[in-house]
Amino acid sequence: MGKIIISLIFCFSCSSYSQTADEYYNRGNDKNDAKDYLGAIADFTKVIKLNPNDGDAYFYRGIAKFALLDYRGAIADYTKYIELNPDISQAYHNRGLAKTAMLDHSGAMDDYTKLIELNPKDDDAYNNRALAESYLHDYRGALVDYNKAIEIDPEKNIISYYNRGIIKLNLGHKDSACLDFSKAGELGYSLAYDAIKKYCN
């Protein structure tokens, strides 16, 4: 009987390794932290392909897109996140910022209004909505929102005093505006003194 020769073939690719959605997600977060936003987008996109209902992947991909000035893409991702998680206030905040960057002040105001409904003590939301209102020349609405932001945290919202002063000037309330500029200056906002020189002397 002839010799039987057994040939063993090693197949290194027969069982291919596939990363899990969690691994792509964690790597995407690491890349966001490292400011490798293109890499982060690629990893979060892989997460979404594996799990289209992973809201957090849309959220953090939106952050990466915003950092790359892709505001339209960021809005699309935040919108998808909101569809999956309609009661998380941070997404409305982030989408509002992206809309502001695109000069969609009305849309931004809608997002900040929803954010305030979810978190009535969010002073940043009042400040941001006031800014949107001022761009839309709704000075009375902006005044109400700056008042609220200052009421929530008068020591933190230094610039709110300055901005409220500008709004009051637009409404014809010069004396009250100058008091706000003075308060902003006392709290450390040096540009307020330029406004005092220009409008209050």
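The values are calculated or read from the model by the stated rules, or taken from the named source; none is laboratory data. None of the values given here were measured: they were computed from a predicted structure. No Cβ is skipped: glycine too gets one built from the backbone with ideal geometry, and neighbour counts run over all protein chains shown.
Laid out as a table, the results:
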item	result
Answer from Y92, Y17, Y37 - the residue that is modelled with pLDDT of 95 or more and either farther than 23 Å from L115 by Cα or outside the structural domain of A132 (by TED's automatic domain parsing) (or both)	Y37
Flag for Y199 being more than 23 Å from L69 (Cβ to Cβ) and in contact (Cβ under 8 Å) with a residue 12 or more places away in the chain	yes
Odd one out for Y71 among (1) surrounded by fewer than 16 Cβ atoms within 10 Å (Cβ to Cβ); (2) modelled with pLDDT of 95 or more	(1)
Criterion violated by Y112 - all others in (1) farther than 22 Å from E151 by Cα; (2) within 14 Å of the chain's Cα centre (by Cα); (3) among the aromatic types (F, W, Y) satisfied	(1)
Residue check, G188 over 30 Å from the mean Cα position of the chain (by Cα) and either in contact (Cβ under 8 Å) with a residue 24 or more places away in the chain or not in a helix (DSSP H, G or I) (or both)	no
The listed residue being over 30 Å from P120 (Cα atoms) and assigned to a helix (DSSP H, G or I), out of A57, A40, A76	A40
E155, sole failed condition from (1) out of contact with any Gly (no Cβ under 6 Å at 6 or more places or on another chain); (2) at pLDDT 95 or above; (3) of a type outside the set (A, V, I, L, M)	(2)
